[in-house]
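The values are calculated or read from the model by the stated rules, or taken from the named source; none is laboratory data. Remember, it's a predicted structure, so these values are computed and weren't measured experimentally. Cβ atoms come from the backbone with ideal geometry, glycine included; neighbour counts cover every protein chain shown.
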Amino acid sequence: MNDDINEFVNFLPTSFIIHHCPNSGGKTKGSGMKFRPVAQNRKGGRSAAIMPPANGTPRVSVHTLGCKLNYAETSQIAESFVAAGAELVLFGERSDVFVLNTCSVTENAERECRQIVRRVLRNAPDTSVIVTGCYAQLRPEEIASIDGVDLVLGTKEKLEVSKYAVGLRKSDGPRVVVSEIGESSDFHFAETAEGDSRTRAFLKVQDGCDYSCSFCTIPKARGTSRSARVDDILSRARRLCEEGFREIVLSGVNVGDFGHKTGTSFFELAKAIDSESEITARIRISSIEPNLLTDEIIELVATSCKFCPHFHIPLQSGSSKILRTMRRRYQPELYQRRIERIKAIMPDAAIGADVIAGFPGETDADFRDSTELINSLDLTYLHAFTYSERPGTVAASMPDQVPIHVRRERTRVLRTVSDKKRNAFYALQLGKEADILLEPNGEGYSENYVRVRLSQAVPNDAELVRARLMEMKGDTIQAEPLQVLGTRREEVLLKIL
């Protein structure tokens, strides 16, 4: 299953700050906190006001653990609080309400929750603490037992957090509102921008998963696969372009499964986006399963002026035996064919892969099969993860669990392989020209996912720059700017300021 946890980790700094659309109605505090005012809820009524503290406007802070979908959904949660009249403050500042959106994939999820809750309450003991997200859906009682937690909300309730916060009092004790995951059948849009910039937006187009990978908790945490309507996605993508975004990342739990229950497909969505003249941003696919990556999709990306030549294709293991044990829906031969097809028509395409090290039953020979396959493939980078048991999964109770020290050593080996592959790919890019989408720190990404730092200053309002890739420096390439292709639009600048 493609859970979107493992993709684009370099895109988001650890101290991610939610940043959203231009703010005019809600109150915000702190740089990088821009929100579109939301005047009405989904049923057309105004959002209910949060009970104000004695000193006036309630202050709300939010924090996210996990994937791009979580970040996008936390952005929607924050918007709803602003619409209800709250003041949004940075995580770490004193607040009346604190919302933690959790992840079930991160290791030691309960420990992370406890540490964050303690940190918040140490700074402001009277803060009402709300915990939601995937971990809250799976282990609500564990979270309710954390000292200081006042409200636990499940997946179905997540995007209505601000409503549940109405009348919430610290003295009431922990309350749990978690519906059965089968009740989470509706699709809810979410989108967020990256950091304090208006360059790249993550647009959720799909949620949930119907796969049953033996190591994964996501189907139990997010429910069955469901998708947005193509027309609605096109509308949101057009609006993001109007707001000044130059790249849109199509995100989801299992993006390649888009539309299969509604008579359409991810290819049809991609084709519609590609043919829409008002969608001017470049488009990146967050991740896609190898069995769902068709020749049609590959060929569309190859001929498109919008889609980036960058694929992130989960592998998880190069061993046929381990893939079967994982309940993956492909074998190494199919994966190899996908990589070879991409490279045959897009030699400069970047291809990333997820790999799990130390899955139960993985012998030295199985791991050798994985590394031999990976070394033989024209991959650009790996996201290597050390296997960790997840309660409630089939894999957690499998025999032949691999010792922790062996898992970690195998992860180290895979990360070394990843470094070598990235360096080899970067070396092939030297001397070529690329269009770099700049971020506030002066670095940026090319269309084919090369991390670039410009060797010379460009105008402050420059966002898209053509540059010649000159020299490798660590995990970036230093590039000579040749031409400014796009600047931040004046009207967007005024809205941001």
Can you name the residue in the stretch 193-222 that is charged (D, E, K, R) and farther than 30 Å from Leu323 by Cα and, of all such residues, is modelled with the highest pLDDT?
Arg200
For the stretch 296-343, name all the residues that are small (Gly, Ala, Ser) and surrounded by fewer than 17 Cβ atoms within 10 Å (Cβ to Cβ).
Ala302, Ser320
Would you mention how many residues in the stretch 158-179 are within 16 Å of Tyr135 (Cβ to Cβ) and surrounded by fewer than 20 Cβ atoms within 10 Å (Cβ to Cβ)?
4
Regarding the stretch 130-139, can at least one residue be identified that is among the polar types (S, T, N, Q), surrounded by 22 or more Cβ atoms within 10 Å (Cβ to Cβ) and either in contact with a Pro (Cβ under 6 Å, 6 or more places away or on another chain) or part of a loop (DSSP other than H, G, I, E, B) (or both)?
no
For the stretch 304-315, does any single residue satisfy the condition of being at pLDDT 95 or above, touching a Lys or Arg at 6+ places or on another chain (Cβ under 9 Å) and β-branched (Val, Ile, Thr)?
yes
Within the stretch 456-490, of all residues that are small (Gly, Ala, Ser) and modelled with pLDDT of 95 or more, the one nearest to Ser304 (Cα to Cα) is Ala467
Given (1) within 24 Å of the chain's Cα centre (by Cα); (2) in a helix (DSSP H, G or I); (3) more than 30 Å from Ala396 (Cβ to Cβ), number of the condition Leu121 does not satisfy
(1)
Tell me the residue from Ala357, Ala350 that is within 30 Å of Arg390 (Cα to Cα), touching a residue at least 24 places away in the same chain (Cβ under 8 Å) and not assigned by TED's automatic domain parsing to the domain that holds Ser212, please.
Ala357
Taking the stretch 64-118 and keeping residues of a type outside the set (Lys, Arg), more than 27 Å from Ser171 (Cα to Cα) and part of a helix (DSSP H, G or I) leaves Leu69, Asn70, Tyr71, Ala72, Glu73, Ser75, Gln76
Among the residues that make up the stretch 93-115, is at least one of them closer than 30 Å to Thr386 by Cα, out of contact with any Phe, Trp or Tyr (no Cβ under 9 Å at 6 or more places or on another chain) and modelled with pLDDT of 90 or more?
yes
In this structure, does Val450 turn out to be over 28 Å from the mean Cα position of the chain (by Cα) and buried (at least 17 other Cβ atoms within 10 Å of the Cβ)?
no
Tally up the residues in the stretch 386-405 that are surrounded by 15 or more Cβ atoms within 10 Å (Cβ to Cβ), at pLDDT 95 or above and not small (Gly, Ala, Ser), please.
6
Residue that is surrounded by 16 or more Cβ atoms within 10 Å (Cβ to Cβ) and either without any contact (Cβ under 8 Å) to a residue 12 or more places away in the chain or within 23 Å of Ser286 (Cβ to Cβ) (or both), where the choices are Leu382, Leu373
Leu382
Would you mind stating whether Glu439 is modelled with pLDDT under 95, within 22 Å of the chain's Cα centre (by Cα) and not assigned by TED's automatic domain parsing to the domain that holds Ser214?
yes
Where in the stretch 293-412 are there strands (runs of 3 or more DSSP E), lying fully within it, with 2 or more residues that are in contact with a Ser or Thr (Cβ under 6 Å, 6 or more places away or on another chain)?
350-357, 381-386
Determine whether Arg175 is outside the structural domain of Asp257 (by TED's automatic domain parsing), among the basic types (Lys, Arg) and modelled with pLDDT of 90 or more.
yes
